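Below: one structure, written as structure tokens.
The values are calculated or read from the model by the stated rules, or taken from the named source; none is laboratory data. Please read all numbers here as calculations on a predicted model, not as lab measurements. Ideal geometry is used to build each Cβ from the backbone, glycine not excepted, and the neighbour counts take in all protein chains shown.
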Amino acid sequence: MKRARARAEKPKASPFDGYRRREVPPPDPELTQVGPGTPCGEYLRRFWQPVAFARDLTSAPLRVRILGEDLVVFRDRGGRVGVLHRHCAHRGTSLEFGIPLERGIRCCYHGWVYDVDGRCLETPGEPAGSRLKERIWQGAYPTHEFAGLVFAYLGPLDRRPAFPIYDSYDVPGHQLMPAAKFALPCNWLQVKDNSMDPVHTAFLHALSSGYQFTEAFGAVPELDWTLTDAGMVYLATRRVGDLVWVRVCDFMPPNVHQFTREIEEASDPKAASRPVIIRWAVPNDDTHTTNFELAQVDPAWGLTPEQVGRPGFGQSDDRPYAERQRFPADFDAQSSQRTIAVHALEHLASTDRGVIMLRRIVRDGIRAVARGRDPDGTRWPDGKAIHTFTQDVVLRVPPAPSVEADRRLLRTTGRSVIANGRSERS
Ligand code: FES
Ligand SMILES: [Fe+2]
């Protein structure tokens with residue numbers, strides 16, 4: 001009701017009416033603010049979040065900003081990883097200048113030492129027998145290392161979920177490897193919106209900029225989305241002569257998605273190929289986001305860890321502006337939707353159904369947390385792999401006699417690919 005009234009108050013669009021419509025309303029705070037105590041921030045804190053690659057933990061601590069909090073990640077010489085509040089509990093010097101010890105980290109300023117759980121182990125300037133350290137704790141978060149990524153849990157300890165294991169972590173013949181890390185100067189949600197927006201692969205990555213992947217991506221797909229136990233998927237189904245190519249990608253709330261490599265030519269029938277990239281969009285704060293990726297790599301590709309660790313084409317700001325203008329890609333499309341996309345100014349269309357569903361999953365999760373419940377995506381049976389669907393599959397399916405009948409055939413074919421292993425939620 002409230003929404004209908006708000007819509008009615010919008011000025012009616014007409015020619016040359018920029019002056020009447022120049023005001024920019026604020027972004028949706030419920031979905032976009034990530035700091036401590038905000039509804040979305042408390043939601044995101046209920047999940048394990050990647051904070052660093054293990055490869056980046058050298059003899060020096062790593063300064064990071066996660067969910068609006070200034071933190072430091074380090075590995076002590078005993079091999080344990082710590083994620084601590086950045087500013088020392090003594091007088092605030094940054095622990096990025098600290099010295100990792102056999103046990104814990106020593107602040108550079110007056111030498112106080114903190115263990116990975118935040119316990120103060122030494123206050124060396126104090127008199128012998130001082131019991132000050134027994135009262136001091138540096139803010140600390142639990143960590144979990146997995147496949148070369150360091151995860152931290154920034155939420156309330158009594159609500160810490162099991163670490164989720166997706167079935168895509170185990171792909172026969174492949175090796176799960178740490179891959180790229182790249183930052184975008186914008187809000188996390190528009191980065192994630194992109195993951196359930198498959199029509200952009202036909203425009204941004206093919207028709208607008210020239211073919212950035214394969215020519216097969218240039219055919220506008222028949223689109224479908226559905227909820228799954230793990231979250232949701234999109235189905236992008238394309239007709240290529242006598243063949244039908246179904247591309248499936250998963251979104252796992254709150255901020256994970258996975259996809260296959262964009263190399264499908266769809267020139268021959270082929271069995272499903274499993275996901276090769278799993279990506280987290282971790283908010284640094286409301287206006288900065290870092291993507292962390294794991295990749296499934298076939299050793300036959302002969303890739304070095306450095307090659308696996310490079311961001312894909314157009315994912316980061318590593319190209320000159322003039323080139324990005326002529327051949328824009330994901331970084332440009334996502335970060336230019338304003339620093340924080342303003343939903344009140346959007347005109348969502350039929351191709352945005354996946355974006356609408358994704359935002360609803362996030363909003364439902366935020367409201368569940370606000371009501372004191374556990375959000376979807378945090379209750380996994382211990383040790384059991386979570387079923388996901390990401391794949392490319394090419395089937396021989398001759399076209400139906402009419403365009404409309406063929407669209408229906410494409411949708412049915414798409415749904416048939418994910419029929420097994422999905423419980424009906426949509
Ligand atoms: S500020 Fe860290 S020991 Fe004094
Ligand atoms: Fe893209």
* Asked: When residues of region 116-131 are filtered for being in contact (Cβ under 8 Å) with a residue 24 or more places away in the chain and exposed (fewer than 14 other Cβ atoms within 10 Å of the Cβ), how many remain?
  -> 0
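Any idea which of Arg77, Arg65 is of a type in the set (D, E, K, R), modelled with pLDDT of 95 or more and either within 16 Å of Tyr153 (Cβ to Cβ) or assigned to a strand (DSSP E or B) (or both)?
Just one listed residue meets the conditions, Arg65.
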* To do: Working carefully through the options Leu95, Leu101, Leu121, Leu84, find the one that is under 21 Å from Phe292 (Cβ atoms) and either more than 16 Å from ligand 2 (Cβ to nearest atom) or not assigned by TED's automatic domain parsing to the domain that holds His288 (or both).
  => Leu84
* To do: Would you confirm whether any residue within region 348-365 is over 21 Å from Asn194 (Cα atoms), away from ligand 1 (no atom under 16 Å from the Cβ) and not acidic (Asp, Glu)?
  => no
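Kindly provide the set of residues from region 18-33 that are among the charged types (D, E, K, R), surrounded by 15 or more Cβ atoms within 10 Å (Cβ to Cβ) and outside any helix (DSSP H, G or I), ordered by number.
Of everything in region 18-33, just one residue is among the charged types (D, E, K, R), surrounded by 15 or more Cβ atoms within 10 Å (Cβ to Cβ) and outside any helix (DSSP H, G or I), namely Asp28.
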* Asked: among the charged types (D, E, K, R), surrounded by fewer than 24 Cβ atoms within 10 Å (Cβ to Cβ), farther than 23 Å from Leu348 by Cβ and in contact with a helix residue (DSSP H, G or I) (Cβ under 9 Å, 6 or more places away or on another chain), is that true of Glu215?
  -> yes
* **Tabulated pairs, region 157-179, first free of Cβ contacts under 8 Å to residues at least 40 places away in the same chain and of a type in the set (D, E, K, R), second outside any strand (DSSP E or B) and surrounded by 13 or more Cβ atoms within 10 Å (Cβ to Cβ), C-beta under 7 angstrom, 6+ apart or interchain** => Arg160/Pro142
* Could you please give the count of residues in region 180-211 that are of a type in the set (Phe, Trp, Tyr), away from ligand 2 (no atom under 11 Å from the Cβ) and under 23 Å from Glu265 (Cβ atoms)? => 1
* Answer with yes or no whether Val113 is free of Cβ contacts under 8 Å to residues at least 24 places away in the same chain, of a type in the set (Val, Ile, Thr) and away from ligand 2 (no atom under 16 Å from the Cβ). => yes
* Criterion (hydrophobic (A, V, I, L, M, F, W, C) and under 18 Å from Arg379 (Cα atoms)) met by exactly one of Phe163, Phe213, Phe203 -> Phe163
* Only one residue in Ala322, Ala300, Ala281, Ala272 is touching a residue at least 40 places away in the same chain (Cβ under 8 Å) and away from ligand 2 (no atom under 16 Å from the Cβ), so which one is that? -> Ala272
* Is it the case that Val256 is more than 16 Å from ligand 1 (Cβ to nearest atom), modelled with pLDDT of 95 or more, within 21 Å of Phe331 (Cα to Cα) and touching a strand residue (DSSP E or B) at 6+ places or on another chain (Cβ under 8 Å)? -> yes
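With the condition being within 30 Å of Arg45 (Cα to Cα), I'd like the strands (runs of 3 or more DSSP E) fully within region 210-276 carrying at least 1 qualifying residues.
Output list reads 222-227, 232-240, 243-252, 256-259.
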